[in-house]
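J.: Quick one: this structure, given as structure tokens, is what I'll be asking you about.
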Amino acid sequence: MTRRSFILAAAAAVLFSAVPIAARADVPVHVRVIKGSRRGPKQVDPRLDALRRQLSALAYVNWQETQERRVTLVKGRTEFVQLPDGDMAGITLQEERGTIATIEVALASRNTQSRLTIEKGQRIVHQVTGERDGAAFFLTIAVWP
Amino acid sequence: MEADDLALVERARAGERDAFRALVVRFQRKVYAVALGIVKDPDLAWDVAQETFVRVHRGLGDFKGDSAFSTWLFRIATHLSIDAVRRERSARKEDVDEVRESDLEDGGEGILATPLGTDPRQNALRRELGEKIEEALATLPEKHRTILVLRELEGLSYEELAERLGIHKGTVMSRLFHARKKMQAALREYAGIRGDADRDGEDET
Amino acid sequence: MTKKDCVRFAPMIGAREGELSEVEARALAAHLAMCRRCQELAARFARTDGLVAEALLARANARDFAPFVDQVMDRIGTGAPQGARSGRGLLGWVGRHWKGTLSVTAPALAALAVFMYVHFGGPGQVASLEISSQGVSTVLQTSDGPVVLLPPEEHPS
Ligand SMILES: [Zn+2]
């Protein structure tokens, strides 16, 4: 690369830095599948301590973690999580701005998509299966864990 | 996502109220945000957003699907918002769109480099200042608020802005330039940083 | 470089890819490479880019939208759903859309009832609650992040 073309490239980079952040956006996330039951001892898996307040809003009393994964979300690439009922959840980064991320959670067989915006320190808690025998599975996503 | 919208539009057109409800729920906040950016007043923005959906419902039969549903929806929202402002606005001197040499002078906004830096650690500051954005935006003339809101919130391109606002692409660019300059000046005000180079209104005729 | 060039190029700053013709883009890049003033302008614009959208969406998200859709539907009229007497907003919606399928959806209703309790009686932890009849049904906004409840399945397999 010649000096002049390098300067032009750098100038173009300054110019297009006003574009909604595209290429460099990646967001590490901590994804967990958890099971909530209406019956059983009133208990929250110690690994889910940080989620207590959110979970307490629900009618389930017993919470256990069943799956856990750490992935880095990149715009335009959907990460899939296999769910206990055979369904598939797709997680896609829609937008990232500073410490705020918008994430889409899609459930294949139910044809649902939700776009949720959270910031560092917050978590998405998303029901991913219907309720069977008083229990349902949820997906939780923490950004920049 | 858009295919999904069209499916809902089809069902709403066939008289399924729940399908229309779903469309309202899907877009209500963003329509409200666009209206709020343009009309400033939260209650007026609420009314404009409601009226938008009422008009959309009324016009469902005419919606051809040439453009995305959301484009059509936000076009209606924009025009209703602008109408609402113009109805309320007292006769006021219009700003020119042309960019002149004097417009390029640094009004001291450079100082924003500090509180708005891209360093992630400064994001708290960025957000704090972000809370002042709405107030700053409200100080801009209607046409500058509108173009900034459409550009940033709806993400419209120059071409789309030209079409939406019925102006030339060149005017889009210079109007956006003025809007950004004014926004920076207003932000500086709200950030409590008073430069000595206050030259606002330099682009008024 | 002359000041006249800046007047020409400054409005191009902030263009997105593809919005300028190739000739314009190249001329702008060349000007930017040499013009400190326009570089600073570009950097300043980039720094505040997106703030307006962020602020307005934050305001919209902070507002309670529960009554919005009912008000719209009321205005649209024509065969307004029954049950409007139970009030606008959340309660009205729940009344119209959930009672009919009570037998199938009892567990979900129970969970919803808890939500509502939190919403109306909670100590300010919950910012808002919104319900859609399509796809994802219930989003509870808490200070720790959103909680999303699925709608009950219509045909449990
Ligand atoms: Zn220049």
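Read-outs: derived from the displayed coordinates by stated rules, not from any lab. All figures in this text were calculated on a predicted structure; none of them were measured in a lab. FYI the Cβ positions are ideal-geometry reconstructions off the backbone, even for glycines, and counts take in every protein chain you see.
J.: Being of a type in the set (D, E, K, R), within 12 Å of chain C (Cβ to nearest Cβ) and in contact (Cβ under 8 Å) with a residue 12 or more places away in the chain is true for just one of B:R55, B:R17. Which residue is that?
T.: After applying the criteria, what remains is B:R55.
J.: I'd like the residue in segment A:38-55 that is buried (at least 16 other Cβ atoms within 10 Å of the Cβ) and of a type outside the set (D, E, K, R) and, out of all such residues, is nearest to the other protein chains (Cβ to nearest Cβ).
T.: A:Q54
J.: While we're looking at this one, here's another question. Look through segment C:10-39, keep the residues that are near the ligand (Cβ under 10 Å from one of its atoms) and at the interface with chain A (Cβ under 10 Å from one of its Cβ atoms), and return whichever of them is surrounded by the fewest Cβ atoms within 10 Å (Cβ to Cβ). Before you say what the answer is, go through the steps one by one.
T.: From segment C:10-39, those near the ligand (Cβ under 10 Å from one of its atoms) are C:10, C:13, C:28, C:31-32, C:34-39; that's our starting set.
Next, only the ones that are at the interface with chain A (Cβ under 10 Å from one of its Cβ atoms) stay: C:13, C:28, C:31-32, C:34-35, C:38-39.
Details: C:I13: 25, C:L28: 24, C:H31: 21, C:L32: 24, C:M34: 12, C:C35: 21, C:C38: 24, C:Q39: 18.
The residue in question is C:M34.
J.: While we're here: Is it fair to say C:A60 is at the interface with another protein chain (Cβ under 8 Å from one of its Cβ atoms) and under 30 Å from B:A22 (Cα atoms)?
T.: Yes; evaluated as a whole, the condition is true for this residue.
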